[in-house]
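The values are calculated or read from the model by the stated rules, or taken from the named source; none is laboratory data. As the structure is a computational prediction, the values presented were derived from the model and not from experiment. As a convention, Cβ positions derive from the backbone with ideal geometry for all residues, glycine included, and neighbour counts pool all protein chains shown. The accessibility values were calculated without ligands, DNA or RNA, using every heavy atom of the protein model including side chains. Shrake-Rupley method; radii C 1.70, N 1.55, O 1.52, S 1.80 Å.
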Amino acid sequence: MNVKKVFLFVVLLFTSLGFAQNSASEITTKDGVRYITTSIDYPITGTYTFKGAEPVVELNGGGTGFYQQHDSPKRAMIWGIECTQTGEPKFAKGYDNKEYSLYYKFTASMESETEEEWNKVEFTIHFNSGKMFINGERMKSFTATEEKK
């Protein structure tokens with residue numbers, strides 16, 4: 001009888017760990033400590049373009065990518081979506097959209113910069129139009145079949 005209880009406990013433990021929320025990484029920003037994750041319920045990885053061309057933002061899996069400012073070359077970065085300490089993404093829900101905070105940090109300094117810091121920009125998902133925006137200007141399309149829900 002005890003073996004069955006132990007077995008059931010182990011199965012439930014591993015099942016709950018498998019369905020646990022996203023992991024969170026702690027970062028220190030100019031506004032204090034924040035937590036970020038690279039996983040939300042939508043296909044956010046990919047290339048975001050400005051009017052179909054450069055400058056671009058590339059979000060790769062695992063929190064790496066490139067961020068290109070206007071009239072500048074692409075720069076390697078790390079990124080994440082703001083979340084709770086337990087990994088639950090923070091967002092504001094609108095009529096047909098969700099707004100998140102995207103944090104990014106360049107991984108290589110330019111000569112004019114002394115230390116890289118975390119930057120915060122708006123990340124929105126617009127469901128009716130099937131578009132995602134970074135900072136309101138870099139856009140990527142997605143389809144409803146790509147949503148994880």
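Scanning region 51-82 for residues that are over 17 Å from S101 (Cα atoms) and of a type in the set (D, E) gives E54, D71. Listed conditions (1) surrounded by fewer than 18 Cβ atoms within 10 Å (Cβ to Cβ); (2) over 22 Å from T29 (Cα atoms); (3) not acidic (D, E) are all met by Y48, apart from (1). Here E82 meets the list (1) within 21 Å of D31 (Cα to Cα); (2) part of a loop (DSSP other than H, G, I, E, B) almost entirely, failing just condition (2). Please enumerate the residues belonging to region 85-104 that are surrounded by fewer than 18 Cβ atoms within 10 Å (Cβ to Cβ), of a type outside the set (G, A, S) and either touching a strand residue (DSSP E or B) at 6+ places or on another chain (Cβ under 7 Å) or part of a loop (DSSP other than H, G, I, E, B) (or both). Once the filter is applied, which keeps residues that are surrounded by fewer than 18 Cβ atoms within 10 Å (Cβ to Cβ), of a type outside the set (G, A, S) and either touching a strand residue (DSSP E or B) at 6+ places or on another chain (Cβ under 7 Å) or part of a loop (DSSP other than H, G, I, E, B) (or both), region 85-104 yields Q85, T86, E88, K90, Y95, D96, N97, E99.
In this structure, is Y35 within 15 Å of N135 (Cβ to Cβ), among the hydroxyl-bearing types (S, T, Y) and open to solvent by less than 60 Å² (accessible area, probe 1.4 Å)? In short, no. Among the conditions (1) of a type in the set (A, V, I, L, M, F, W, C); (2) assigned to a strand (DSSP E or B); (3) touching a residue at least 12 places away in the same chain (Cβ under 8 Å); (4) open to solvent by 40 Å² or more (accessible area, probe 1.4 Å), the only one that F66 does not satisfy is (3).
Of all the listed residues (K51, K120, K30, K90), the sole one being of a type in the set (K, R) and on the phi > 0 side of the Ramachandran plot is K51.
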